[in-house]
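Novice: The structure follows.
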Amino acid sequence: MSRPTNKNDLLTLSQKNYKNLNNFVDSFTEEDKKKEFPKGTMNRNFRDVLAHLHHWHLMMLEWYSIGMKGEKPDIPAKGYTWKTTPELNRKIWELYRTTDIKEVRPLLDKSFHDIQKIIEKHSDAELFEKKKYKWTGTTSLGAYLISATSSHYDWALKLMKKAMK
């Protein structure tokens, strides 16, 4: 499926990619899930990748909460710009590096469902009209949600598949 352009496609693709990601992770033993990826990536195992997704969900939820009140959220996070995303991702990695994957999975499931609720409550126009909300700048709410869901899950799955070859 190409990049979503309506609510139904966004819901469908985000759920499909999330399911594919979880099915891939679930196809491994608990021992394999904890194995280190080959050197060259910051996210060193399944836990790191899943925690990364969870934390980006949390940031999206915060942007949305602040933005929908008419305020300007710190995007991507306070003290960071899109150019300094690698440093932000390093901070996220440090936050979760001692957390067990069994703790991360329910956190990710909850934040995934919270994001799905946001998508479900908006119309196509609310999701995909550019500049509809001041806090999204020149883009749409849907573009932010695609980045936090379907596109991010696709990235994560590709990273994990490559690492587990």
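Novice: Test Ser151 against the criterion of being of a type in the set (S, T, N, Q) and touching an Asp or Glu at 6+ places or on another chain (Cβ under 8 Å), and give yes or no.
Specialist: Values: of a type in the set (S, T, N, Q): yes; touching an Asp or Glu at 6+ places or on another chain (Cβ under 8 Å): no.
Judged against the criteria, Ser151 is not a match.
Novice: Go through (1) small (Gly, Ala, Ser); (2) surrounded by fewer than 14 Cβ atoms within 10 Å (Cβ to Cβ); (3) within 17 Å of the chain's Cα centre (by Cα) and name the single condition Ala51 misses.
Specialist: Of everything listed in (1) small (Gly, Ala, Ser); (2) surrounded by fewer than 14 Cβ atoms within 10 Å (Cβ to Cβ); (3) within 17 Å of the chain's Cα centre (by Cα), Ala51 misses just condition (2).
Novice: Would you list the helices (runs of 4 or more DSSP H) that sit entirely within segment 55-165 and hold 2 or more residues that are among the small types (Gly, Ala, Ser) and under 23 Å from Leu10 (Cβ atoms)?
Specialist: Values: elements: 85-96, 101-121, 124-128, 141-148, 150-163.
Ranges flagged: 141-148, 150-163.
Novice: Which members of segment 84-110 meet the condition of being polar (S, T, N, Q) and surrounded by 12 or more Cβ atoms within 10 Å (Cβ to Cβ)? Lay out the reasoning, then the answer.
Specialist: First pass over segment 84-110, keeping only residues polar (S, T, N, Q): 84-85, 89, 98-99.
Result: Thr84, Thr85, Asn89, Thr99.
Novice: Looking only at segment 31-43, filter to residues that are touching a residue at least 12 places away in the same chain (Cβ under 8 Å) and part of a helix (DSSP H, G or I); which one of those is farthest from the chain's Cα centre (by Cα)?
Specialist: Top of the filtered list is Asp32.
Novice: Follow-up. May I ask you to list pairs of residues, at least six apart or on different chains, whose Cβ atoms are under 8 Å apart, with the first in segment 149-165 being closer than 13 Å to Asn22 by Cβ and modelled with pLDDT of 95 or more and the second being assigned to a helix (DSSP H, G or I) and of a type in the set (Ser, Thr, Tyr)?
Specialist: Tyr153/Ser14; Tyr153/Tyr18
The values are calculated or read from the model by the stated rules, or taken from the named source; none is laboratory data. Since this is a predicted model, take the numbers as computed values, not measurements. As a convention, Cβ positions derive from the backbone with ideal geometry for all residues, glycine included, and neighbour counts pool all protein chains shown.
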